[in-house]
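Notes for the one structure printed next.
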Amino acid sequence: QVRLVESGGGSVQPGGSLRLSCAASGRSASNAAMGWFRQAPGKERQPVAAITWSGDGLFYKDSVKGRFTISRDNAKNTVYLQMNSLKPEDTAVYYCAAGTTIPLLVQGDSTAWGQGTQVTVSS
């Protein structure tokens, strides 16, 4: 089973930027798609963005389009989430996840999860 290790996150003022990283222990069919989810207090975990290692698939939650960018570095088996123009409503625990396809992954059908990292946007 692939292991996912996250880094990044922290506290930032509204309008600021943060970058999350997710390093996978390897690449295979079980993690052909990689993505980020977030869970705010008292709310369900929701998909934020997803990408395939092949680069032929991309997904963004509507509320982050134009502000967040997901990217990958195949040589490092690492996926990034660049978050710009952050808003207080972006505050949540962000989780890296792996799946076989983007459609399955964004439905929560994942093969691995990261440990989660806190992102707090507050003035």
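If I ask for residues that are among the β-branched types (Val, Ile, Thr) and under 14 Å from GLY35 (Cβ atoms), which ones from segment 100-123 would you list?
Scanning segment 100-123 gives THR100, THR101, ILE102, VAL106, THR111.
Of all residues in segment 81-101, which are surrounded by fewer than 21 Cβ atoms within 10 Å (Cβ to Cβ) and in a helix (DSSP H, G or I)?
PRO88, GLU89
Go through segment 24-40 and give me each residue that's open to solvent by 40 Å² or more (accessible area, probe 1.4 Å) and in contact (Cβ under 8 Å) with a residue 40 or more places away in the chain.
SER25, ARG27, ALA29, SER30, GLN39
Quick one: in segment 102-123, of everything that is more than 18 Å from GLY8 (Cβ to Cβ) and among the β-branched types (Val, Ile, Thr), which residue is surrounded by the fewest Cβ atoms within 10 Å (Cβ to Cβ)?
THR111
Right, VAL64: surrounded by 12 or more Cβ atoms within 10 Å (Cβ to Cβ), in contact with a Lys or Arg (Cβ under 6 Å, 6 or more places away or on another chain) and either over 20 Å from THR101 (Cβ atoms) or of a type in the set (A, V, I, L, M) (or both) or not?
Numbers: surrounded by 12 or more Cβ atoms within 10 Å (Cβ to Cβ): yes; in contact with a Lys or Arg (Cβ under 6 Å, 6 or more places away or on another chain): no; either over 20 Å from THR101 (Cβ atoms) or of a type in the set (A, V, I, L, M) (or both): yes.
When the stated conditions are applied, VAL64 does not pass them.
Which of the numbered conditions does GLY9 fail, given that it passes all the others? Conditions: (1) open to solvent by 30 Å² or more (accessible area, probe 1.4 Å); (2) of a type in the set (Gly, Ala, Ser); (3) modelled with pLDDT under 95.
So the condition that GLY9 fails would be (1).
Can you say whether GLU44 is acidic (Asp, Glu) and either more than 17 Å from TYR94 (Cα to Cα) or open to solvent by 30 Å² or more (accessible area, probe 1.4 Å) (or both), as far as the supplied structure shows?
Spelling it out, GLU44 is indeed acidic (Asp, Glu) and either more than 17 Å from TYR94 (Cα to Cα) or open to solvent by 30 Å² or more (accessible area, probe 1.4 Å) (or both).
Given the residues SER63, SER54, which is the only one that is more than 21 Å from SER7 (Cα to Cα), among the small types (Gly, Ala, Ser) and either touching a His at 6+ places or on another chain (Cβ under 7 Å) or at pLDDT below 95 (or both)?
SER54
Would you check if LYS76 is closer than 17 Å to ARG3 by Cβ, open to solvent by 10 Å² or more (accessible area, probe 1.4 Å), touching a residue at least 12 places away in the same chain (Cβ under 8 Å) and charged (D, E, K, R)?
Here the answer is yes, as LYS76 does meet what is asked.
The values are calculated or read from the model by the stated rules, or taken from the named source; none is laboratory data. Keep in mind it's a predicted model, so treat the numbers as computed, not measured. All Cβ positions, glycine included, derive from the backbone under ideal geometry; neighbour counts span all protein chains shown. Side chains included, ligands, DNA and RNA excluded: accessible areas come from the protein's heavy atoms. Shrake-Rupley method; radii C 1.70, N 1.55, O 1.52, S 1.80 Å.
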